[in-house]
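What follows is a set of notes on a single structure, which appears directly below.
Here, each number is a calculation from the coordinates, and none is a lab measurement. If you're wondering where the values come from, they're calculated on a predicted model, not measured in any experiment. Backbone-built Cβ (ideal geometry, glycine too); neighbour counts: all protein chains shown.
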Amino acid sequence: MIPLQAMAIALVAVFAPLVVFTRDIVRLTMAASLYAFSLVVLFLIFQAPDVALSELVVGAVAFPLVIVVAIVMQRGG
Amino acid sequence: MNRRLRIGLFGISSAGLTALMLWAVAGLPAFGDYHHRYGTLLKKVAVSERHATNVVTSIVFDYRGFDTMGEELILFTSVMGVALLLRDVREGADRPRDAVVSDALGLVGLAFSAGLLVLGLYVIAHGPITPGGGFQGGVILSAALLLVWLAGSLRSYMRLTPTPYVDLTEGTGVGGFVVTGLVALLIGTPFLHNLLPYGLAGKLSSGGSIPVVNWATGLAVTAAFLLLYNEFLEERSFVIAGKHK
Amino acid sequence: MSYLPYLLAVWIFLVGLFGIVRSRNFIHLVVCLSVAQSATYVLLLSIGYVKGGTAPIFKDVKPGTKAVDPVVQALTLTDIVVAVAVSALLLAFALKAFDHEGSLDPKQVVEMKG
């Protein structure tokens, strides 16, 4: 196991509890996007460019938008 | 069941679950030591059989095309579910004006939107050749149109993506996949058999019916995500206007 | 050392599950559910890895060079895009519950009335 893979695995292992333990939901959007980017790095290091591209576009565009709109709707504007 | 009891129960049962999962993981081959026959065989024959250099795309749209059709139907159904839940009777009421006033944001959004449109079409078209395909390019295309909302106003975005046409595009995409399979069935070959000529490996038209199914998927995914954005943004504008309580 | 990616998948799954159990807000619950789903992606991709292999795309390399498994990548990539649409459906449910009850707390949206 080369150090690059170990580092990517450690990065993902650190970001996952970060997402779960974030209380404020506005910060949760940012944390979810960061977790998605760390997953993209892991997928690239595992030699899977198609999967990394998929996770990148979804984690950058679709997922944060849906969460942000849900938050705005909850607060009533 | 209050919260402390629930978390305590989870702690106990997760110990058992962890033990089971670790036992299962110990039975897997070591990392990097892959020796199954299906993947090895496909790596050897896919390029020479289908003339598509992206083996993953040829598996998604040809060798396991039936599973992809199932996934597209999941996408279709969940978007239909969102539309059913959030599409109240809203016709006739006007939308609030919420244009973005910053010039810099508008200019950057305009430049990026055009670039993203071309990038999305490029990624869909080069699916059978390089990493990409209908799923990734479809989400990029929907992001290109969403930038009109982000850097402009909701009204321009709604005018750009009228709901009847987006509905039609999504139905065409999912239906195109199914029709491609049915055409093969009518001729006498199995469902979703690859019928068209294969072409040269490395060219945009290689792979037989893979580009056809690829573009149908791209259309379906773009339209599905545009519908999702439509529903959520319409709800938001109504909440802001105070018509929702 | 050679089982580390599988342990990562187990860790992510348990963390996501813990988040679901402990959550006080429906939106937070949906995000934790997607974290638990990502554990399956990591597990699938680690099973398919070949030591010294490259990506299974033979545009510039000769077909026949050592490559990682393409089948698990095919399964994972459609799954990621579709999971977002399902999360959007779950959020729409949460918002409808908010309309009726007035709160996004799972404890208060419990019983069905009427």
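Just a few scattered comments:
- Computed label-point distance, nm, for sites B:S156 and A:V68 using a 7 Å Cα→Cβ extension: 1.7
- Order of B:I7, B:I12 under a 10 Å beta carbon neighbour criterion, fewest first: B:I12, B:I7
- The mean number of Cβ atoms from other chains found within 10 Å of a Cβ in peptide A:33-42 is 2, as a whole number.
- Charge-dipole axis of region C:4-101 as Lys and Arg at +1 and Asp and Glu at -1 on Cβ define it, positive-most pick from C:G16, C:F26, C:A55: C:A55
- Mean Cβ neighbour count within 10 Å, used as a protection proxy, ranking B:28-39, B:52-63, A:40-51, A:16-27 highest first: B:52-63, A:40-51, A:16-27, B:28-39
- Largest-first principal axis extents of the Cα set of region B:119-166 (Å): 38, 24, 11
- Unit Cα scatterers, Debye sum, region B:91-214: log10 I(q)/I(0) for q = 0.13, 0.17, 0.18 Å⁻¹: -0.69, -0.95, -1.01
- Rounded to the nearest 500, the 222 nm mean residue ellipticity of the protein assembly as shown from helices alone is -23500 deg cm²/dmol, with -39,500 (n - 2.57) taken per DSSP H run of at least 4 residues.
- Annotation for region A:56-77 versus region B:108-173: alpha-carbon center distance of 18 Å.
- Applying a length cut-off of 30 Å (Cα extent along the axis) and a mean Kyte-Doolittle floor of 1.6 to the DSSP H helices of chain C leaves C:26-47.
- Taking a point 7 Å out from the Cα of B:L186 in the direction of its Cβ, the residues of region B:195-216 whose backbone N falls within less than 19 Å of it are B:195-197, B:209-210, B:212-213, B:216.
- In summary, the helical segments of chain A meeting the span-like criteria, namely a full DSSP H run, a Cα extent along the axis of 18 angstrom or more and a mean Kyte-Doolittle hydropathy of at least 1.0, are A:3-20, A:25-45, A:63-75.
- Distance between modelled label sites at B:L84 and B:V25, nm, 7 Å Cα→Cβ extension: 3.9
- Take each residue in A:4-17, count the other chain C-beta atoms within 10 Å of its C-beta, and the mean is 4.
- Over region A:3-75, relative contact order from alpha-carbon pairs under 8 Å, at least 6 apart, %: 33
- Three semi-axes of the equivalent ellipsoid, chain B, Cα gyration tensor, whole Å, largest first: 37, 31, 19
- Only the Cβ atoms of Lys and Arg (+1) and of Asp and Glu (-1) were treated as charged; on that basis the dipole of region B:53-240 about its Cα centre amounts to roughly 320 debye.
- For B:R37, neighbours were defined as the other residues whose beta-carbon sits under 13 Å from its Cβ, and their charges (Lys and Arg +1, Asp and Glu -1) total +1.
- Among the lysines of chain C, pairs that are 8 or more positions apart or on different chains and have alpha carbons within less than 21 Å of each other number 5.
- Distance-filtered residues of region A:1-29 - backbone nitrogen under 12 Å, label point 7 angstrom along A:F37 Cα→Cβ: none
- Debye-sum result for the protein assembly as shown in log10 I(q)/I(0), which assumes one identical scatterer on each alpha carbon, at q = 0.10, 0.11 Å⁻¹: -0.75, -0.91
- Convex hull volume of the C-alpha atoms in region A:3-75, normalised per residue: 63 Å³.
- Set of aspartates and glutamates with alpha-carbon distance to B:K44 below 20 Å, sequence-local pairs under 8 removed: A:D50, B:D33, B:D62, C:D60, C:D69
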